Amino acid sequence: MGSVDQSGDHRTLRGAELGPGELLRDAFGRIRDEVHHVLDGVDVEALTYRADSEANSIAWLVWHLTRVQDDHVAGVAGTEQVWVAGGWADRFNLQLDVRDIGYGHTPEQVALVSAEAELLGDYHDAVFDNTAQYVSSLSGDDLDRVVDRRFDPPVTLAVRLVSVVSDDLQHVGQAALLRGIADRAS
(Lines give C-alpha, C1' and ligand atoms only; values in the text may rest on other atoms or scores of the structure.)
Protein backbone atom coordinates (compact mmCIF):
# COMPACT_ATOMS: atom_id res chain seq x y z
CA MET A 1 0.00 0.00 0.00
CA GLY A 2 1.05 3.59 -0.59
CA SER A 3 1.47 6.14 2.09
CA VAL A 4 -0.02 9.47 3.01
CA ASP A 5 2.24 11.65 5.13
CA GLN A 6 0.45 12.20 8.46
CA SER A 7 1.80 15.76 8.71
CA GLY A 8 -0.52 16.97 5.96
CA ASP A 9 2.15 16.78 3.24
CA HIS A 10 0.17 15.22 0.41
CA ARG A 11 3.12 15.00 -1.98
CA THR A 12 3.93 11.47 -0.81
CA LEU A 13 0.90 9.84 -2.44
CA ARG A 14 1.94 6.99 -4.70
CA GLY A 15 -0.97 6.02 -6.96
CA ALA A 16 0.06 2.48 -7.90
CA GLU A 17 0.40 1.56 -4.23
CA LEU A 18 -2.55 3.58 -2.96
CA GLY A 19 -5.67 1.85 -1.64
CA PRO A 20 -9.14 3.42 -1.70
CA GLY A 21 -9.10 4.03 2.06
CA GLU A 22 -5.85 5.97 1.85
CA LEU A 23 -7.11 7.97 -1.12
CA LEU A 24 -10.28 8.93 0.75
CA ARG A 25 -8.31 9.75 3.89
CA ASP A 26 -6.12 12.06 1.84
CA ALA A 27 -9.16 13.77 0.27
CA PHE A 28 -10.73 14.41 3.68
CA GLY A 29 -7.33 15.53 4.97
CA ARG A 30 -7.15 18.16 2.24
CA ILE A 31 -10.55 19.46 3.32
CA ARG A 32 -9.28 19.66 6.90
CA ASP A 33 -6.19 21.55 5.75
CA GLU A 34 -8.33 24.09 3.87
CA VAL A 35 -10.68 24.51 6.83
CA HIS A 36 -7.70 25.36 9.04
CA HIS A 37 -6.34 27.74 6.41
CA VAL A 38 -9.67 29.62 6.37
CA LEU A 39 -9.88 29.70 10.17
CA ASP A 40 -6.27 30.66 10.87
CA GLY A 41 -6.20 34.02 12.67
CA VAL A 42 -9.77 34.93 11.75
CA ASP A 43 -11.85 36.91 14.25
CA VAL A 44 -15.52 36.47 15.11
CA GLU A 45 -16.48 39.54 13.08
CA ALA A 46 -15.02 38.00 9.92
CA LEU A 47 -16.49 34.57 10.78
CA THR A 48 -19.99 36.05 10.87
CA TYR A 49 -19.50 38.39 7.88
CA ARG A 50 -22.23 37.93 5.25
CA ALA A 51 -21.95 39.45 1.80
CA ASP A 52 -25.64 40.31 2.05
CA SER A 53 -28.56 39.48 4.33
CA GLU A 54 -29.33 36.25 2.47
CA ALA A 55 -25.74 34.96 2.24
CA ASN A 56 -23.95 32.34 4.32
CA SER A 57 -21.15 33.25 6.72
CA ILE A 58 -17.76 31.59 7.11
CA ALA A 59 -18.88 30.21 10.48
CA TRP A 60 -22.02 28.73 8.95
CA LEU A 61 -20.15 27.25 5.97
CA VAL A 62 -17.51 25.56 8.14
CA TRP A 63 -20.11 24.35 10.64
CA HIS A 64 -22.33 23.04 7.82
CA LEU A 65 -19.60 21.24 5.87
CA THR A 66 -18.44 19.62 9.10
CA ARG A 67 -21.98 18.64 10.09
CA VAL A 68 -22.54 17.09 6.64
CA GLN A 69 -19.33 15.06 6.93
CA ASP A 70 -20.20 14.02 10.50
CA ASP A 71 -23.80 13.07 9.63
CA HIS A 72 -23.06 11.22 6.41
CA VAL A 73 -20.00 9.31 7.60
CA ALA A 74 -21.72 8.30 10.84
CA GLY A 75 -24.69 7.17 8.77
CA VAL A 76 -22.66 4.84 6.53
CA ALA A 77 -20.41 3.68 9.39
CA GLY A 78 -23.37 2.92 11.67
CA THR A 79 -21.97 5.07 14.46
CA GLU A 80 -23.20 8.00 16.50
CA GLN A 81 -22.34 11.45 15.20
CA VAL A 82 -19.37 13.19 16.82
CA TRP A 83 -21.66 16.25 17.20
CA VAL A 84 -23.63 14.41 19.89
CA ALA A 85 -21.24 11.71 21.14
CA GLY A 86 -18.37 14.18 21.58
CA GLY A 87 -20.49 16.84 23.28
CA TRP A 88 -20.02 19.36 20.44
CA ALA A 89 -23.73 20.22 20.27
CA ASP A 90 -23.52 21.33 23.91
CA ARG A 91 -20.29 23.30 23.36
CA PHE A 92 -21.71 25.18 20.38
CA ASN A 93 -25.03 25.74 22.18
CA LEU A 94 -26.84 26.68 18.97
CA GLN A 95 -30.56 27.30 18.99
CA LEU A 96 -31.03 24.53 16.41
CA ASP A 97 -32.25 20.95 16.58
CA VAL A 98 -29.35 18.64 17.48
CA ARG A 99 -29.94 16.70 14.22
CA ASP A 100 -29.75 19.85 12.09
CA ILE A 101 -26.93 19.90 9.53
CA GLY A 102 -27.90 23.12 7.78
CA TYR A 103 -29.72 21.93 4.67
CA GLY A 104 -32.41 24.40 3.69
CA HIS A 105 -31.49 26.96 6.31
CA THR A 106 -33.20 30.32 6.13
CA PRO A 107 -31.12 33.50 6.49
CA GLU A 108 -32.32 33.69 10.09
CA GLN A 109 -31.06 30.18 10.82
CA VAL A 110 -27.71 30.96 9.17
CA ALA A 111 -27.38 33.92 11.54
CA LEU A 112 -27.79 31.58 14.53
CA VAL A 113 -24.49 29.86 13.73
CA SER A 114 -21.79 31.84 15.45
CA ALA A 115 -18.66 30.36 17.00
CA GLU A 116 -15.01 31.15 17.47
CA ALA A 117 -12.50 29.77 15.01
CA GLU A 118 -10.94 27.47 17.60
CA LEU A 119 -14.25 25.77 18.37
CA LEU A 120 -15.05 25.33 14.68
CA GLY A 121 -11.57 23.95 14.00
CA ASP A 122 -11.61 21.60 16.97
CA TYR A 123 -14.99 20.19 15.96
CA HIS A 124 -13.77 19.72 12.40
CA ASP A 125 -10.66 17.93 13.68
CA ALA A 126 -12.79 15.58 15.78
CA VAL A 127 -14.97 14.77 12.78
CA PHE A 128 -11.91 14.32 10.55
CA ASP A 129 -10.39 11.89 13.07
CA ASN A 130 -13.59 9.85 13.05
CA THR A 131 -13.80 9.98 9.24
CA ALA A 132 -10.14 9.06 8.77
CA GLN A 133 -10.46 6.09 11.09
CA TYR A 134 -13.48 4.83 9.17
CA VAL A 135 -12.30 5.39 5.59
CA SER A 136 -8.74 4.16 6.20
CA SER A 137 -9.98 0.60 6.58
CA LEU A 138 -12.13 0.55 3.42
CA SER A 139 -11.42 -1.73 0.49
CA GLY A 140 -12.67 -1.49 -3.06
CA ASP A 141 -15.28 -4.14 -2.30
CA ASP A 142 -16.58 -2.09 0.63
CA LEU A 143 -17.17 0.87 -1.68
CA ASP A 144 -19.68 -1.14 -3.75
CA ARG A 145 -22.04 -1.53 -0.77
CA VAL A 146 -25.41 0.14 -1.33
CA VAL A 147 -26.05 2.65 1.45
CA ASP A 148 -29.19 4.40 0.22
CA ARG A 149 -31.98 2.79 -1.83
CA ARG A 150 -34.13 5.94 -2.02
CA PHE A 151 -32.51 6.85 -5.34
CA ASP A 152 -32.43 5.21 -8.76
CA PRO A 153 -29.81 3.96 -9.12
CA PRO A 154 -29.22 3.21 -5.45
CA VAL A 155 -26.34 5.10 -3.82
CA THR A 156 -23.18 3.14 -3.07
CA LEU A 157 -20.71 3.90 -0.31
CA ALA A 158 -18.27 5.21 -2.93
CA VAL A 159 -20.82 7.65 -4.34
CA ARG A 160 -21.86 8.85 -0.87
CA LEU A 161 -18.28 9.51 0.27
CA VAL A 162 -17.28 11.25 -2.97
CA SER A 163 -20.43 13.36 -2.66
CA VAL A 164 -19.36 14.45 0.84
CA VAL A 165 -15.87 15.31 -0.43
CA SER A 166 -17.40 17.34 -3.27
CA ASP A 167 -19.85 19.18 -1.00
CA ASP A 168 -17.18 19.92 1.60
CA LEU A 169 -14.69 21.21 -0.97
CA GLN A 170 -17.30 23.51 -2.48
CA HIS A 171 -18.20 24.95 0.93
CA VAL A 172 -14.62 25.40 2.12
CA GLY A 173 -13.90 27.20 -1.17
CA GLN A 174 -16.86 29.49 -0.53
CA ALA A 175 -15.57 30.12 3.00
CA ALA A 176 -12.11 30.95 1.62
CA LEU A 177 -13.63 33.45 -0.80
CA LEU A 178 -15.59 35.08 2.03
CA ARG A 179 -12.46 35.18 4.17
CA GLY A 180 -10.68 37.10 1.42
CA ILE A 181 -13.58 39.52 1.04
CA ALA A 182 -13.88 40.03 4.81
CA ASP A 183 -10.11 40.57 5.14
CA ARG A 184 -10.16 43.23 2.41
CA ALA A 185 -13.17 44.97 3.93
CA SER A 186 -11.47 45.39 7.32
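The values are calculated or read from the model by the stated rules, or taken from the named source; none is laboratory data. The structure displayed is predicted, hence computed values, not measured ones. All Cβ positions, even for glycine, are placed from backbone atoms using ideal geometry, and neighbour counts span all protein chains on display.
Values for this structure:
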| item | result |
| --- | --- |
| Cβ-Cβ under 6 Å pairs, at least 6 apart or on other chains, segment 85-104 side on the phi > 0 side of the Ramachandran plot, far side of a type in the set (Ser, Thr, Tyr) and outside any loop (DSSP other than H, G, I, E, B) | none |
| Long-range neighbours under 6 Å by Cβ, at least six apart or interchain, first residue among the polar types (S, T, N, Q) within segment 32-53, second crowded, with 21+ Cβ neighbours inside 10 Å and assigned to a helix (DSSP H, G or I) | Thr48/Ala59 |
| Breaking point among (1) more than 19 Å from Arg25 (Cβ to Cβ); (2) assigned to a helix (DSSP H, G or I); (3) in contact with a helix residue (DSSP H, G or I) (Cβ under 8 Å, 6 or more places away or on another chain), for Asp125 | (1) |
| Residue satisfying all of: in segment 14-32; in a helix (DSSP H, G or I) and surrounded by fewer than 15 Cβ atoms within 10 Å (Cβ to Cβ); modelled with the highest pLDDT among these | Glu17 |
| Every residue from segment 57-71 that is surrounded by 21 or more Cβ atoms within 10 Å (Cβ to Cβ) and closer than 16 Å to Asp100 by Cα | Ala59, Trp60, Leu61, Val62, Trp63, His64, Leu65, Thr66, Arg67, Gln69, Asp70 |
| Close pairs from segment 120-136: first within 13 Å of Val68 (Cβ to Cβ), partner at pLDDT 95 or above and of a type in the set (Asp, Glu), Cβ under 9 Å, at least 6 apart | Tyr123/Asp70; Val127/Asp70; Thr131/Asp70 |
| The one condition in (1) assigned to a helix (DSSP H, G or I); (2) hydrophobic (A, V, I, L, M, F, W, C); (3) touching a residue at least 24 places away in the same chain (Cβ under 8 Å); (4) within 30 Å of Val44 (Cα to Cα) that Leu177 fails to fulfil | (3) |
| Sole residue being in contact with a Ser or Thr (Cβ under 6 Å, 6 or more places away or on another chain) and under 21 Å from Ser186 (Cβ atoms), chosen from Ser53, Ser57 | Ser57 |
